[in-house]
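Contents: one structure, followed by commentary.
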């Protein structure tokens, strides 16, 4: 067992909420699933699971090298969302110079529409609120589910980046640019 897994286990023990888990087992509808999920920092040893989720979602997924660069640079908050020690989603946000930029948020298709993306998004907003005035992101216009999530949380369209994303047959897809003012959240 790596030192990081040991530290995570100790943190789980210290912040363990026995009541939530008990009620989740005895009265399954009494506790929301996302309350039982845990977000922690991503580690290099998580990359096989992260890459598998990324590959299930995108025809043009990020490479292992991109994830490693994010982990090594120290300029990104790289997070995973776990359920029963299984990674079910991840996110990467950059927070610098009073701005935050969501670089990637991805949920295993088997558990989409179950609060995982929302939990990751809320966590990134919480992190960004401490150091940034605005949080930005780009999203494919074809990703209606993600756009709906962002709009529900208060993100607004601020522009379009032409030919931003790779697409099939050598074409490129635009990106919708969204922003959320965090100053108003204080």
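Summarised in one figure, the compactness ratio Rg/Rh of region 38-116, Cα atoms and Kirkwood Rh, is 0.95.
Would you give the gap between the C-alpha center of region 72-126 and the C-alpha center of region 144-186, rounded to a whole Å? Value for the Cα centre distance between the two parts: 16 Å. Annotation: extensible slack from residue 158 through residue 84 equals 22.8 nm (criterion: 0.36 nm per residue apart, minus Cα-Cα distance). From least to most packed, judged by other beta carbons within 10 angstrom and beginning with the fewest, 136, 155, 90 follow the order 136, 155, 90. Converting the Cα gyration tensor eigenvalues of region 55-186 into ellipsoid dimensions via √(5λ) gives semi-axes, longest first, of 21, 19, 16 Å. For the peptides 67-78, 158-169, the ranking by mean Cβ contacts within 10 Å, running from highest to lowest, is 67-78, 158-169.
Values in this text are rule-based calculations from the coordinates and carry no lab data. Quick caveat, the model's predicted, so the values are computed rather than measured. Cβ: placed from backbone, ideal geometry, glycine included. Neighbour counts: every protein chain shown.
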